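Worksheet for the structure shown next.
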Amino acid sequence: MSRIAACFAALEGKKALIPFITAGDPHPSLTVALMHGLVDGGADIIELGVPFSDPMADGPVIQRASERALVHKVGLRDVLALVAEFRQTNTTTPVVLMGYLNPVFVMGYTAFAEQAHAAGVDGVLTVDCPPEEAAELSAALIAADLDPVFLIAPTTPEARVREIARHARGYVYYVSLKGVTGAGNLDIDDVARKIAALRAHIQVPIGVGFGIRDAATAKAISVTADAVVVGSRLVQEIEAATEQTAKERLTRLVAELKAAIL
Amino acid sequence: MERYDLPDANGHFGPYGGVYVAETLMAALDELKNEYERVKADPTFWEEFRHELKHYVGRPSPIYHAKRWSEQLGGAQIFFKREDLNHTGAHKISNAIGQALLARRMGKKRVIAETGAGQHGVATATVAARYGMECFVYMGAEDIKRQSPNVFRMKLLGATVVPVESGSKTLKDALNEAMRDWVTNVDSTFYILGTAAGPHPYPMMVRDFLSVIGEESKEQMPEVAGRQPDVVVACVGGGSNAIGMFYPYINVDGVRMVGVEAGGHGIASGMHAAPLSGGAGVGVLHGAKSYLMQDANGQVVETHSVSAGLDYPGVGPEHSYLKDIGRAEYVAIDDKEALSAFHDCCHLEGIIPALESSHALAWAAKVAPTMAKDKVILVNLSGRGDKDINTVAGLAGITL
């Protein structure tokens, strides 16, 4: 069983908390400590952002995180090295890389998949690679025992949901709103209706993210979702902290969110 | 060569193109693709389009024999396709009208656009005023400084110009921001993309709307020059004016096609915007796979060109394909050469060309002397240079 499947199985119906941070933000030397800090607070799975120069689907908060990491020239190989370092002391918490296709494409799908597996990565979500263009990448990921994670949006019609269901492994990531990461127009009732409809087609767990800003919304989303993804809010915490306080503040915030969800 | 019929149903030109966007936009792109397929087969749409091009834009744009310049160069005869004489001063308006008519059919009341030099922003603001649509134009903060006359023109036309402060603050970042707007307002908004790049169906759609450039040229050249050109040449940033000129000539044997990219400070300096001719690899940006200027980690690098409209690290996917199959050649002209052609065109022909188009002119001026006097080069003079006078003055140390 993959680490992701094992994680959901071990939760026995309780909901997973999936925090997101960008690798290398604010400095690559802090990333592994921050990942452990997320686990200390109760993270079930970690989504680790791969910095990209043109993060088209991200709002200003995660754009800035990417820019801070790129000041230190953090590339995909560096991110894999950070995951390998994290794995030296944590062998259970799944790590899902989230980013854009180009760095992966340039490294080469097979080389990337093999090195990501060796580093201890469990899943990969490339935001700008829908199933239509994903055949080659997905095959390389699956061959290396990595789960390709796909997005489903409020605008995704039923026929596409069925198509995505055929390709999805690990979990699917339901984008809770029309917008970029960190937007403020989350409609919880609408999300609940959509998740209920998705269940007819989706066999893997359903995570929900984009726009979850506090314990109350995390809790409300966890009523229907299998996992709650929080990104921009955590990145803001890193932004507001000093390098000395970032880990402690992240742990505290993650613990608050974890305590709130079902 | 076999009949050229691309892209395929999924928007691929060989290995290039495609639909590389976040899931949220997939439904909108499907809707757009389906609607465009419908209008493609609907003669009333094209009648309306041609009517607008004739009565509002002033098409067909003439072809002009640049006799004095040709004589001075002493070689091939240079002709200009006068896209600078279109309403709003560039080829961009024909694409903006096509997309705005489509937006109207789809019931969208709000349009957005990205712009580099401001020509596509002005074109979009113009058609939004003409058809009564709300208009937001995303423009890099750096470009806003370089192109202040166009910024004011957009405002006069009732558009909101949104400065983009992220990344390199130029065209690519404006495109990112327009995509973010679209993903947020996907129900109400039509994204009028300004170049033959982006996710399918944009590269195909923009090409189809701008093919009027090459179609007209094919009709006009026998009249004006007595025959088809030996070479057609156009500048390439994203590549919209070039594909509009090239596409109708792809199946015409014996017509050489040359795309001129921005060489900036020179290819060797690394400070340029020439993905096709500067040795860049292939990548994925703004929804399509194409040649892309990037570093070893796959991060898109900052580009440089004296002309804001060419200052773009990527290129439309069809150009990547035409390069690979050898049907078109791509070359670079640096800032200095482009500026020199800009001044020559002003002095010898009484035409102030856009700095973008000056790259194509510079290539023609460089190559014409090596060709016989009975050979014909057709340059797509894609826009007029009024918008660039501040830049050119600034380079000469003059404040206007």
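Of the residues A:ALA159, A:ALA200, which is surrounded by fewer than 18 Cβ atoms within 10 Å (Cβ to Cβ) and assigned to a helix (DSSP H, G or I)?
Details: A:ALA200 fails: assigned to a helix (DSSP H, G or I).
So the residue among A:ALA159, A:ALA200 that is surrounded by fewer than 18 Cβ atoms within 10 Å (Cβ to Cβ) and assigned to a helix (DSSP H, G or I) is A:ALA159.
Among the residues of the stretch B:205-224, which ones are free of Cβ contacts under 8 Å to residues at least 40 places away in the same chain and within 22 Å of B:ILE192 (Cα to Cα)?
Hits for the stretch B:205-224 are B:SER211, B:GLY214.
Select from the stretch B:145-171 the residues that are of a type in the set (Lys, Arg) and in contact with a Gly (Cβ under 8 Å, 6 or more places away or on another chain) and write down the one among them that is surrounded by the fewest Cβ atoms within 10 Å (Cβ to Cβ).
Going through the stretch B:145-171, the residues of a type in the set (Lys, Arg) turn out to be B:145-146, B:153, B:155, B:169.
Now restrict to residues that are in contact with a Gly (Cβ under 8 Å, 6 or more places away or on another chain): B:153, B:169.
Numbers: B:ARG153: 22, B:LYS169: 19.
Among residues in the stretch B:145-171 that are of a type in the set (Lys, Arg) and in contact with a Gly (Cβ under 8 Å, 6 or more places away or on another chain), the one surrounded by the fewest Cβ atoms within 10 Å (Cβ to Cβ) is B:LYS169.
Check whether at least one residue in the stretch A:24-34 is within 14 Å of another protein chain (Cβ to nearest Cβ) and either closer than 23 Å to A:ILE206 by Cα or free of Cβ contacts under 8 Å to residues at least 40 places away in the same chain (or both), and report yes or no.
The first filter runs over the stretch A:24-34 and keeps only residues within 14 Å of another protein chain (Cβ to nearest Cβ), leaving A:24, A:28.
Now drop any that are not either closer than 23 Å to A:ILE206 by Cα or free of Cβ contacts under 8 Å to residues at least 40 places away in the same chain (or both), which leaves none.
The answer is no, given that none of the residues of the stretch A:24-34 is within 14 Å of another protein chain (Cβ to nearest Cβ) and either closer than 23 Å to A:ILE206 by Cα or free of Cβ contacts under 8 Å to residues at least 40 places away in the same chain (or both).
Do any helices (runs of 4 or more DSSP H) entirely within the stretch B:325-400 hold 1 or more residues that are assigned by the TED database to the domain that holds B:TYR291 and farther than 25 Å from B:LYS145 by Cα, and if so, which?
Details: elements: B:335-349, B:355-367, B:389-395.
Hits in the stretch B:325-400: B:335-349, B:355-367.
Checking B:GLY350 against (1) open to solvent by 30 Å² or more (accessible area, probe 1.4 Å); (2) in contact (Cβ under 8 Å) with a residue 40 or more places away in the chain; (3) more than 13 Å from chain A (Cβ to nearest Cβ), which single condition isn't satisfied?
It is condition (2) that B:GLY350 fails.
Need at least 1 residues that are among the acidic types (Asp, Glu) and open to solvent by 10 Å² or more (accessible area, probe 1.4 Å) per element, so show me which helices (runs of 4 or more DSSP H) inside the stretch A:213-262 make the cut, counting only ones lying wholly within it.
Of the helices (runs of 4 or more DSSP H) lying wholly inside the stretch A:213-262, those with at least 1 residues that are among the acidic types (Asp, Glu) and open to solvent by 10 Å² or more (accessible area, probe 1.4 Å) span A:232-240, A:246-260.
Can you go through A:TYR109, A:TYR100 and tell me which one is of a type in the set (Phe, Trp, Tyr), within 11 Å of another protein chain (Cβ to nearest Cβ) and open to solvent by 10 Å² or more (accessible area, probe 1.4 Å)? Even if it seems obvious, please write down each step before you answer.
Details: A:TYR109 fails: within 11 Å of another protein chain (Cβ to nearest Cβ).
Testing whether each residue is of a type in the set (Phe, Trp, Tyr), within 11 Å of another protein chain (Cβ to nearest Cβ) and open to solvent by 10 Å² or more (accessible area, probe 1.4 Å) leaves just A:TYR100.
Can you name every one of the strands (runs of 3 or more DSSP E) wholly within the stretch B:160-278 that holds 2 or more residues which are over 30 Å from B:ALA9 (Cβ atoms)? Reasoning before the result, please.
Values: elements: B:160-164, B:189-191, B:231-235, B:256-264.
So the answer is B:160-164, B:231-235, B:256-264.
Filter the stretch B:111-144 for residues that are under 16 Å from B:TYR191 (Cβ atoms) and open to solvent by 10 Å² or more (accessible area, probe 1.4 Å) and give the result.
Once the filter is applied, which keeps residues that are under 16 Å from B:TYR191 (Cβ atoms) and open to solvent by 10 Å² or more (accessible area, probe 1.4 Å), the stretch B:111-144 yields B:TYR131, B:MET133, B:GLU134, B:PHE136, B:TYR138.
Test A:GLY179 against the criterion of being within 11 Å of chain B (Cβ to nearest Cβ) and small (Gly, Ala, Ser), and give yes or no. First the steps, then the outcome.
Details: within 11 Å of chain B (Cβ to nearest Cβ): yes; small (Gly, Ala, Ser): yes.
Answer is yes for this residue.
Go through B:GLY58, B:GLY17 for me and flag whichever is open to solvent by less than 80 Å² (accessible area, probe 1.4 Å), within 14 Å of chain A (Cβ to nearest Cβ) and under 17 Å from B:LEU210 (Cβ atoms). Talk me through it step by step, then tell me what you get.
Numbers: B:GLY58 fails: within 14 Å of chain A (Cβ to nearest Cβ).
Of B:GLY58, B:GLY17, the one residue that is open to solvent by less than 80 Å² (accessible area, probe 1.4 Å), within 14 Å of chain A (Cβ to nearest Cβ) and under 17 Å from B:LEU210 (Cβ atoms) is B:GLY17.
Among the residues of the stretch A:166-175, is any away from chain B (no Cβ under 13 Å), touching a Gly at 6+ places or on another chain (Cβ under 8 Å), open to solvent by less than 30 Å² (accessible area, probe 1.4 Å) and outside any strand (DSSP E or B)? Lay out the reasoning, then the answer.
Our first condition is that a residue be away from chain B (no Cβ under 13 Å); within the stretch A:166-175, this holds for A:166, A:169-171.
Among the residues that remain, those that are also touching a Gly at 6+ places or on another chain (Cβ under 8 Å) are: A:169-171.
Those still in the list that are open to solvent by less than 30 Å² (accessible area, probe 1.4 Å) too: A:170-171.
From what is left, the residues that are outside any strand (DSSP E or B) are A:170-171.
Taking every residue of the stretch A:166-175 in turn, at least one turns out to be away from chain B (no Cβ under 13 Å), touching a Gly at 6+ places or on another chain (Cβ under 8 Å), open to solvent by less than 30 Å² (accessible area, probe 1.4 Å) and outside any strand (DSSP E or B).
Residues that are surrounded by 23 or more Cβ atoms within 10 Å (Cβ to Cβ), touching a residue at least 24 places away in the same chain (Cβ under 8 Å) and away from every other protein chain (no Cβ under 14 Å): does the stretch B:294-306 have at least one?
Yes, the stretch B:294-306 contains at least one residue that is surrounded by 23 or more Cβ atoms within 10 Å (Cβ to Cβ), touching a residue at least 24 places away in the same chain (Cβ under 8 Å) and away from every other protein chain (no Cβ under 14 Å).
Take the residues in the stretch B:353-393 that are in contact with a strand residue (DSSP E or B) (Cβ under 9 Å, 6 or more places away or on another chain), over 26 Å from B:ALA117 (Cα atoms) and of a type outside the set (Val, Ile, Thr); name whichever of them is surrounded by the fewest Cβ atoms within 10 Å (Cβ to Cβ).
Per the stated criteria, the residue is B:ASP374.
Count, please, the residues in the stretch B:11-21 that happen to be part of a loop (DSSP other than H, G, I, E, B) and within 20 Å of A:TYR100 (Cβ to Cβ).
Let us first name the residues in the stretch B:11-21 that are part of a loop (DSSP other than H, G, I, E, B), namely B:11, B:14-15, B:21.
The next check asks that each one be within 20 Å of A:TYR100 (Cβ to Cβ); those that pass are B:11, B:15, B:21.
So the count comes out to 3.
Among the residues of the stretch B:279-304 satisfying the criterion of being more than 21 Å from the chain's Cα centre (by Cα) and in a strand (DSSP E or B), which is nearest to B:LYS375 (Cα to Cα)?
Going through the qualifying residues, I end up with B:GLY281.
Can you report the number of residues in the stretch A:178-214 which are farther than 17 Å from A:ASP226 by Cα and touching a residue at least 60 places away in the same chain (Cβ under 8 Å)?
Filtering the stretch A:178-214 for residues farther than 17 Å from A:ASP226 by Cα gives A:178-187, A:213-214.
Checking which are touching a residue at least 60 places away in the same chain (Cβ under 8 Å) leaves us with A:179-183.
The number of residues fulfilling the criteria is 5.
Out of the residues in the stretch A:134-152 that are crowded, with 23+ Cβ neighbours inside 10 Å and within 13 Å of chain B (Cβ to nearest Cβ), which is nearest to A:ALA111 (Cα to Cα)?
A:VAL149
Provide a single number: the residues in the stretch A:51-68 that are part of a helix (DSSP H, G or I) and facing chain B (nearest Cβ under 9 Å).
4
Taking A:HIS72 as the residue in question, decide whether it is surrounded by fewer than 19 Cβ atoms within 10 Å (Cβ to Cβ), within 17 Å of the chain's Cα centre (by Cα) and modelled with pLDDT of 95 or more.
Working: surrounded by fewer than 19 Cβ atoms within 10 Å (Cβ to Cβ): yes; within 17 Å of the chain's Cα centre (by Cα): no; modelled with pLDDT of 95 or more: yes.
No: the conditions fail for A:HIS72.
With the structure loaded, tell me whether B:GLY214 is under 30 Å from B:ARG110 (Cα atoms) and open to solvent by less than 10 Å² (accessible area, probe 1.4 Å) or whether it fails that test.
Working: under 30 Å from B:ARG110 (Cα atoms): no; open to solvent by less than 10 Å² (accessible area, probe 1.4 Å): yes.
No; evaluated as a whole, the condition is false for this residue.
Residues in the stretch B:110-120 that are touching a Gly at 6+ places or on another chain (Cβ under 8 Å) and at pLDDT 95 or above: how many?
The total comes to 4.
Using the structure shown, decide if B:PRO62 is modelled with pLDDT of 95 or more, outside the structural domain of B:LEU381 (by the TED database) and not hydrophobic (A, V, I, L, M, F, W, C).
Values: modelled with pLDDT of 95 or more: yes; outside the structural domain of B:LEU381 (by the TED database): no; not hydrophobic (A, V, I, L, M, F, W, C): yes.
For B:PRO62, the condition - modelled with pLDDT of 95 or more, outside the structural domain of B:LEU381 (by the TED database) and not hydrophobic (A, V, I, L, M, F, W, C) - is not met.
The values are calculated or read from the model by the stated rules, or taken from the named source; none is laboratory data. Keep in mind that what you see is a predicted model, and the values were worked out from it rather than measured. With ideal geometry, Cβ positions are generated from the backbone for all residues, glycine too; neighbour counts draw on all protein chains shown. In case anyone asks, the SASA skips ligands and DNA or RNA and just uses the protein heavy atoms, side chains included. Shrake-Rupley method; radii C 1.70, N 1.55, O 1.52, S 1.80 Å.
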